[in-house]
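Reading through the C-alpha cells given below for one structure.
Readers should treat all values here as calculations from the given coordinates under stated rules, not as data from a laboratory. As the structure is a computational prediction, the values presented were derived from the model and not from experiment. We place every Cβ from the backbone using ideal geometry, glycine too, and count neighbours over all the protein chains shown.
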Amino acid sequence: MPNTSATTEGSDRAEAVGAIIRRRRQALGHTLRAFARQCDISPAHLSKIERGLASPSLGMLTRIVQELDLHDADLFGPTVEEDRGARAVRVALGAGRPGEVLPLRTSDRQVIAIVLEGSVEAQVGDERFALEEGDTLIVPPHTPHMLRVTGGPSTRTAYISSDGETPAFERSVA
C-alpha cells in the first residue's frame, strides 16, 4: 500500500519550491517564456514546476537556482530543529500619516511588519491586505512588498528584518 503521507509531503514541498521559484522570477521581472528559454526548458514544463505539478531534475533545478541567484536554503530552508543559530534582527519603528508610504522593496530575508496603532494597506506581490492595530504581516524572502498608511495621524508600525534594512515612511506623491 502506498505511503500517502509521504506523497502528500512531497507534493507540498514541490508546491512550496515552485512558488519560491515563481515569486523570485517575477520579482526579477522575467516572463515565464523568457526565463524558460534562459534555462533551456519548455515554458510548459517551467509552469508545471512553478505550480508544483512537476519536479525538475537536479541539473535543471541547479540551472534555475543559478539563474535566480537563489541558494538551497532559500528553497529548502532549515526546519525548526535545524535552525539553532542566533540571528540579530533590526527593528524599525515607523510613524506615519495617511498617504505616507513605505516604498516597494524586496528583502533577501523574511520580513515581519506589525501594526502597533492605526491601520495600513499592504501589498505583497500581487496581493493587497488591509491591516489594523495588532495585525502582523509576514513577507517571504524575495517578495516585493510595500505599506501605505490608511489610518489616522497616529499610525505606528514595527518593521522587523534580519538583513539590516531600516526603512522609513515617505510622503506619497499621489
message: Amide H of SER119 versus every other amide H placed in the peptide plane: which residues, excluding those fewer than 5 positions away on the same chain, fall under 5 Å?
response: THR150, GLY151, GLY152
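Within a Cβ distance under 13 Å of GLU132, other residues only, what is the Lys/Arg minus Asp/Glu net charge? Kindly include the intermediate steps, with their values, before the conclusion.
Numbers: positive: ARG156; negative: GLU117, GLU121, GLU133, ASP135.
Local charge sum for GLU132: -3.
Cβ under 15 Å from ARG156's Cβ, ARG156 left aside: what net charge do those residues give with Lys, Arg +1 and Asp, Glu -1?
Working: positive: ARG97, ARG148; negative: GLU100, GLU117, GLU132, GLU133, ASP135.
Residues near ARG156 contribute -3 overall.
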Given charges at beta-carbon only (K, R positive; D, E negative), |dipole| of the stretch 90-161 in Debye: 260
